[in-house]
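So the structure is just underneath, and the comments pick up after that.
The values are calculated or read from the model by the stated rules, or taken from the named source; none is laboratory data. Computed from a predicted model, the values in this text were never measured in an experiment. Don't worry about glycine lacking a Cβ; one is built from the backbone with ideal geometry, like all the others, and counts go over all protein chains shown. All accessible areas refer to the heavy atoms of the entire protein, side chains included, with ligands and DNA or RNA removed. Shrake-Rupley method; radii C 1.70, N 1.55, O 1.52, S 1.80 Å.
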Amino acid sequence: MKLFITRIVLALRNFQQWLVAQVMFGFLNFLKLFPADGAIRFADRTMRRLGRLTSRHRLMLTNLRNAFPEKSEAEIEEIALASWGNMGRLAAEYVFLDQLFDYDPDKSEPGRVEVSGVPIFLDLRDNPRPFIVFTGHTANFELLPVAGAAFGLNVTVLFRPPNNPYVAKKVFDFRSARMGKLVPSHAGSSFALARQLEAGQGVGVLVDQKFRKGLKGTFFGRDVKTNPLLPKLVRQFDCEVYPARCIRLPGNRYRLEIEPRLKMPRDAKGNLDLPAAAQLLNDKVESWVREYPEQWLWYHDRWQIKQTRLRTG
């Protein structure tokens, strides 16, 4: 009887995931009926309305109040709604990603996408060596690996698949066709990235995700734990590290930036200082978020607020 109930529960969960995926795919297919700019603006407005009705909106407001205690409630609400709009835009942009990336270095006038740091891209391409490019969940971060592929960089990108298996497959198929080699985040992903660096190639990672057993540090002055993967890879391969980000510009335009190489902190013996390196990553992402707070995904439980409430409730 217990086994039968378990099977029923799993079947219902599977059906729920399938249904959610079909609704999501239906919405994205609906957006294909419209021009890119109109569809992106529509997704922005829709998510601003729907996002505020979810429990994640309360988490978002809490995160924003903790990060910006000096801001008024009206300012906090405005940023939260804009962040939902940013997430809606990100979803719509998946549909039109092939149209959006129009960077052409030979054009005299910038297109929809402009790129800052082109000499760094070209240097990494023309002088192959192991390197890591990191970013955060700012604006359309998915455009960065597309840019890397467009510049001819051999970069392996670590990504966390969605929990919904139906959505995860679609996302993986879409990304792999446009972003080069992908490595899903799991127990063996660090070995896959290590092999790429050992072969003198590049790796791309997101560094602002929640990580329960990471290196201790701070983000917006509050305690967090940061994935130690990037610092450990740097320690093992002594590879170069470059920050990169996407910035939304007015008129559904984007600026992609790759910044100069970061000098990684070392201890008195010359060894890489893992906690200090992780904090350096946090500080870089925080500086980006402070500049454009509405372009970061505040609904993530970066500070593990929900888990803390469960433990103390």
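Each residue in region 100-128 was checked for being under 18 Å from Glu240 (Cβ atoms) and out of contact with any strand residue (DSSP E or B) (no Cβ under 7 Å at 6 or more places or on another chain), and 8 of them qualify. Going by the structure shown, is Leu256 among the hydrophobic types (A, V, I, L, M, F, W, C) and without any contact (Cβ under 8 Å) to a residue 24 or more places away in the chain? The answer is no for Leu256.
Listed by first and then second residue, the pairs with beta-carbon distance under 6 Å, at least 6 apart or on different chains, first residue in region 196-223 and farther than 19 Å from Asn66 by Cβ and touching a residue at least 24 places away in the same chain (Cβ under 8 Å), second open to solvent by 60 Å² or more (accessible area, probe 1.4 Å) and part of a loop (DSSP other than H, G, I, E, B), are Gly200/Pro128; Gln201/Asn154. Determine, yes or no, whether Lys225 is within 16 Å of Glu286 (Cβ to Cβ) and either more than 22 Å from the chain's Cα centre (by Cα) or assigned by the TED database to the domain that holds Val183 (or both). The answer is yes for Lys225.
The helices (runs of 4 or more DSSP H) located wholly in region 219-312 that include 1 or more residues which are surrounded by 17 or more Cβ atoms within 10 Å (Cβ to Cβ) occupy 229-237, 274-291. Among residues of region 289-302 that are closer than 15 Å to Met47 by Cβ, those with a Cβ under 6 angstrom from a residue that is open to solvent by 50 Å² or more (accessible area, probe 1.4 Å), sequence gap 6+ or separate chain, pair up as Tyr299/Arg56. Please go through region 127-147 and pick out each residue that is within 18 Å of Leu230 (Cβ to Cβ) and either within 15 Å of the chain's Cα centre (by Cα) or among the aliphatic types (A, V, I, L, M) (or both). Residues satisfying the conditions are Ile132, Val133, Phe134, Thr135, Gly136, His137, Thr138, Phe141, Leu144, Pro145. Is it the case that some residue within region 172-182 is at pLDDT below 85, open to solvent by 30 Å² or more (accessible area, probe 1.4 Å), farther than 29 Å from Asp37 by Cβ and out of contact with any Leu (no Cβ under 9 Å at 6 or more places or on another chain)? Checking region 172-182: at least one residue is at pLDDT below 85, open to solvent by 30 Å² or more (accessible area, probe 1.4 Å), farther than 29 Å from Asp37 by Cβ and out of contact with any Leu (no Cβ under 9 Å at 6 or more places or on another chain).
Looking at region 240-262, which of its residues are closer than 18 Å to Leu97 by Cα and among the β-branched types (Val, Ile, Thr)? Listed by number, the list holds a single entry, Ile247.
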